[in-house]
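> One structure, as structure tokens, below. Some questions next.
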């Protein structure tokens, strides 16, 4: 389990991608996931800085940067 911010955790082996939310295709992905009920907003009202996609098609929004999430994944795999 890794932290995606504000005491929210996700299983590391479920993560398929960690993406920046700035591009139009990713914004479309977030809107589609919201409409289909597959969006999990873990930002606690803060700006979305990373989008995580899981193997079960869940889209998780995080207020942590993509670099922070990747760093946590790398540190978890080292230990």
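> Taking the condition in contact with a strand residue (DSSP E or B) (Cβ under 7 Å, 6 or more places away or on another chain) and without any contact (Cβ under 8 Å) to a residue 24 or more places away in the chain, does residue 41 pass?
yes
> With respect to the numbered conditions (1) more than 15 Å from residue 10 (Cα to Cα); (2) in contact with a helix residue (DSSP H, G or I) (Cβ under 9 Å, 6 or more places away or on another chain), which one is the sole condition not fulfilled by residue 61?
(1) is the only condition that residue 61 fails.
Since every read-out is calculated from the coordinates, none of them should be taken as a lab result. Fair warning: this is a prediction, and the values are worked out from it, not measured in the lab. When we count neighbours, we look across all protein chains shown, and the Cβ atoms used for this are built from the backbone with ideal geometry, even at glycine.
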